[in-house]
1. Output yes when any residue across segment 261-282 is without any contact (Cβ under 8 Å) to a residue 40 or more places away in the chain and either in a strand (DSSP E or B) or under 27 Å from E177 (Cα atoms) (or both), and no when none is.
2. May I ask you to list the residues in segment 190-228 that are of a type in the set (S, T, N, Q) and within 22 Å of N134 (Cβ to Cβ)?
3. If you go through segment 140-149 one residue at a time, how many are open to solvent by 40 Å² or more (accessible area, probe 1.4 Å) and at pLDDT 95 or above?
4. Could you give me the residue pairs with C-beta distances under 9 Å whose first residue belongs to segment 93-109 and is more than 21 Å from G79 (Cα to Cα), whose second residue is open to solvent by 70 Å² or more (accessible area, probe 1.4 Å) wherever it lies, and which are 6+ apart or on separate chains?
5. Out of K186, K215, K205, report the one residue that is among the charged types (D, E, K, R) and surrounded by 18 or more Cβ atoms within 10 Å (Cβ to Cβ).
6. Would you mind telling me which numbered condition in (1) open to solvent by less than 30 Å² (accessible area, probe 1.4 Å); (2) among the polar types (S, T, N, Q); (3) free of Cβ contacts under 8 Å to residues at least 12 places away in the same chain T127 fails?
7. Could you identify the single residue in T154, T168 that is open to solvent by 30 Å² or more (accessible area, probe 1.4 Å), polar (S, T, N, Q) and at pLDDT 95 or above?
8. Give me a count of the residues in segment 309-341 that are of a type outside the set (S, T, Y) and under 30 Å from D45 (Cα atoms).
Amino acid sequence: MKKIQIILSLTLLLGIFASCSSKVDLYADYKDIPVIYGLLDATLDTNYVKIVRAFSGSDEATVDATQVALIADSCNYPGKLDAKIYRYKSRYGGEYQLDGMIELDTMTINDKEEGTFYFPNQKVYFTKEGILPNTASETYSYRLEIIKGNDTVTSETGIVGGETFKITNSSVSFVSEETDKTERIKFMPADNAAVYDLEIHFLYKETLQGVSTFKTVHYSFGMRNVESLNEENGVFSISYSQNLLFNLLRTAMANNPEQTHYTYDPSQSFTVTLAAGGDELYNYIQINQNAGGLSQSIPDYTNIVGGYGVFSSRINIEKTLRLSARTQSDMTSFGFTPEDF
């Protein structure tokens, strides 16, 4: 019996969260399969939802599925679907009541990078109407509804964030010598967050023969679920080695000429970025990261009713931390001169 091959590509563009991609082969009688990807962020001016479809191609040897993937209509629905987001509000822990409706519009983005699927143009659904954040007295839930012919595709998510989500450190400390001692980046948890991702960034300036260039070293601690975090009296933390920053700088400076001069700003050079994501997002990333190969069964996890993909929430916060007096002393010994940037 002739089979239909459906190839599904879901790419999570998570900002600070590591990118994750899964290509899935499904063998079944043809059916139009909606694929939804949306992450609501209450801190953004514009929120996007990607609505595409799994495309079909014969599994016969004469048909090359990679060529089908390069055809725009193979992934995009024609025209504009009826796509809305309904906002529900709860006051002081009471029942959620309908509080508003957002109609999604479409735009074409022209900078999609070359790859397996059609580029450079891609259609996305979006809204510039603000996603309301949770407060001490009010919490929000959002329901996505897409009408596709006689079918309705739905999904729901709470909002990650809240007024108390913040990084509590005012400074950080590092040492240049080898050590097994650790320090911690501490933060108050975000509402509805199941996963966190912490990154550090250190900005400095290299000067060689009168030419100065700003450089940055980065380090990501990777995705951490709530259960894996340190917690004390409601404050979460992620540990780091005391010599982490200097080890990053050693690697970055390894091939530089000896006459290179280095400067940094003790109060502005070090920045921490912390991302928080919802439970649906965490489950989806875990399933796709564990998929292994390029051809797999459809992931067991999806929170899209009537389709596949993920509809969840995320938030990123950033804070600049001052380097401790001990760190500044070691920076001088390491060849770095303090300077206001």
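The values are calculated or read from the model by the stated rules, or taken from the named source; none is laboratory data. Keep in mind it's a predicted model, so treat the numbers as computed, not measured. Positions of Cβ are backbone-derived with ideal geometry, glycine not excepted, and every protein chain shown enters the neighbour counts. With ligands, DNA and RNA removed, areas are computed over all heavy atoms of the protein, side chains included. Shrake-Rupley method; radii C 1.70, N 1.55, O 1.52, S 1.80 Å.
1. No; the residues of segment 261-282 include none that is without any contact (Cβ under 8 Å) to a residue 40 or more places away in the chain and either in a strand (DSSP E or B) or under 27 Å from E177 (Cα atoms) (or both).
2. N192, N225
3. Taking segment 140-149 first, the residues open to solvent by 40 Å² or more (accessible area, probe 1.4 Å) are 143, 145, 147, 149.
Within this subset, residues satisfying the condition of being at pLDDT 95 or above are 143, 145, 147.
The qualifying residues number 3.
4. As it stands, the answer is Q97/R91; G100/E129, since those pairs meet every condition given.
5. Working: K186 fails: surrounded by 18 or more Cβ atoms within 10 Å (Cβ to Cβ); K215 fails: surrounded by 18 or more Cβ atoms within 10 Å (Cβ to Cβ).
Being among the charged types (D, E, K, R) and surrounded by 18 or more Cβ atoms within 10 Å (Cβ to Cβ) holds for just one of K186, K215, K205, which is K205.
6. Condition (3) is where T127 drops out.
7. Values: T154 fails: open to solvent by 30 Å² or more (accessible area, probe 1.4 Å).
Residue meeting the stated conditions: T168.
8. First pass over segment 309-341, keeping only residues of a type outside the set (S, T, Y): 309-311, 314-319, 321-323, 325-326, 328, 330-331, 334-336, 338-341.
In the following step, the residues that additionally are under 30 Å from D45 (Cα atoms) were identified as 309-311, 314-319, 321-322, 341.
Here the count works out to 12.
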